[in-house]
Amino acid sequence: MGKPPASPWPPELAEEAVAVGELADLVDAVARDLDWANRRAYGVVARRAEVHRCRLTGGELAEATLSDVTFADCRLDLVGLRMAKLERVVFRDCRMAECDLSGASLVDVRFEHCELREATFSGAKLKRVELRGCDLAGLRGVDALRGARMPWNDVLENGPLFASALGVEIVD
């Protein structure tokens, strides 16, 4: 059995921390209740950050570098994270429908109770990735999940998705 993903390091907040306003400000920061929908932030770097209840719907974060970041209760649907590098990142209770992780590198990443309906993982490279209680209906690039960790009940729930990716014909 593989090792579980490592947890992110928390932000090192300054005593007189300035409120986060833009995506580019996510270094040793906590962002709460912000609307960053449809923002373009190619190659953005976020380190030791927490993002709570923020909306990034339709955002373009291609080639981003995210390390030691936690997203909680966020809207990340239709977000483009193509070719991004994610290390020690947690997505908790996030809506990530149609999120595009094509060609991304995910190391020590956890998806906890996230909606990943029709998300794209084609060509993604995963190492120590865990999915718990996630909705994977219509996920593209299922083969990229090879080596990911999942609870047995989640594996059973997503059996038809995995069977389809393997070309197994399900009969009554």
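The values are calculated or read from the model by the stated rules, or taken from the named source; none is laboratory data. What you see is a predicted model; the values in this text were computed from it and never measured. Positions of Cβ are generated from backbone atoms using ideal geometry, with glycine treated the same way; all protein chains shown enter the neighbour counts. SASA here: full protein model, heavy atoms, side chains in, ligands and nucleic acids out. Shrake-Rupley method; radii C 1.70, N 1.55, O 1.52, S 1.80 Å.
Out of V168, V129, I need the residue that is of a type outside the set (F, W, Y), farther than 16 Å from A41 by Cβ and either assigned to a helix (DSSP H, G or I) or more than 11 Å from the chain's Cα centre (by Cα) (or both). Which one? Selected residue: V168, the only one of V168, V129 that is of a type outside the set (F, W, Y), farther than 16 Å from A41 by Cβ and either assigned to a helix (DSSP H, G or I) or more than 11 Å from the chain's Cα centre (by Cα) (or both).
Criterion applied to R117, R82, R95 was being open to solvent by 50 Å² or more (accessible area, probe 1.4 Å), without any contact (Cβ under 8 Å) to a residue 60 or more places away in the chain and under 11 Å from the mean Cα position of the chain (by Cα), and the one residue passing it is R95. Cβ-Cβ contacts under 7 Å between residues 6 or more apart (or on different chains), taken from a first residue in region 49-66 that is touching a residue at least 40 places away in the same chain (Cβ under 8 Å) to a second residue that is surrounded by 18 or more Cβ atoms within 10 Å (Cβ to Cβ) and part of a loop (DSSP other than H, G, I, E, B), are listed as E50/P11. Looking across region 67-76, just one residue is open to solvent by 20 Å² or more (accessible area, probe 1.4 Å), free of Cβ contacts under 8 Å to residues at least 40 places away in the same chain and not basic (K, R), and that is D73. I'd like to check something: does region 148-160 contain any residue that is open to solvent by 50 Å² or more (accessible area, probe 1.4 Å), part of a helix (DSSP H, G or I) and polar (S, T, N, Q)? Yes, that holds for at least one residue.
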